[in-house]
Amino acid sequence: QVQLVESGGGLVQPGGSLRLSCVASGIMFSRYVMSWYRQAAGKQRDLVATVSSGGGTYYVDSVKGRFTISRDNAKNTVYLQMDSLKPEDTAVYYCNTRPNRPGYWGQGTQVTVSS
């Protein structure tokens, strides 16, 4: 059974930082392209960043230069370092493969950026 468990969210002031983690089990993690997605209240779930099995990365324009995605295949973990956070980054953050697999969604982790 595949499980993706996100953690690391919280409440942070604008300009602050958070580091999200996602631990995967039940899959050959090192073989998968992994991504972070986010869903703000009342909006659709959108792609944020992607890391290939070899470490290549992709970011949507709104987070370029502020977020860094990375992975540790030995720990079956993908990370999202988020710096210079803005109120518009407030959302529930999820990890999944890319393309995403509907049965793999976890519970997500809430990130709230507010003063």
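Odds and ends about this structure:
- Over segment 17-97, accessible surface divided per residue gives 47 Å², non-protein components excluded, 1.4 Å probe.
- Working ranking of peptides 20-32, 4-16 by packing, defined as the average number of other Cβ atoms within 10 Å per residue, highest first, is 20-32, 4-16.
- For the chain, the carbon plus sulfur part of the accessible surface works out to 47%, probe radius 1.4 Å.
- Approximate spin-label separation Asp46-Met28, in nm, with each point projected 7 Å along Cα-to-Cβ: 3.5
- Whole-angstrom Cα spans of the chain along principal axes, big to small: 40, 26, 21
- Label-point gap, in nm, between Gln13 and Asp61 - each point 7 angstrom along Cα→Cβ: 3.1
The values are calculated or read from the model by the stated rules, or taken from the named source; none is laboratory data. Keep in mind the model is a prediction, meaning the values are calculated, not measured. Glycine gets a Cβ as well: all are built from the backbone with ideal geometry, and neighbour counts include every protein chain shown. With ligands, DNA and RNA removed, areas are computed over all heavy atoms of the protein, side chains included. Shrake-Rupley method; radii C 1.70, N 1.55, O 1.52, S 1.80 Å.
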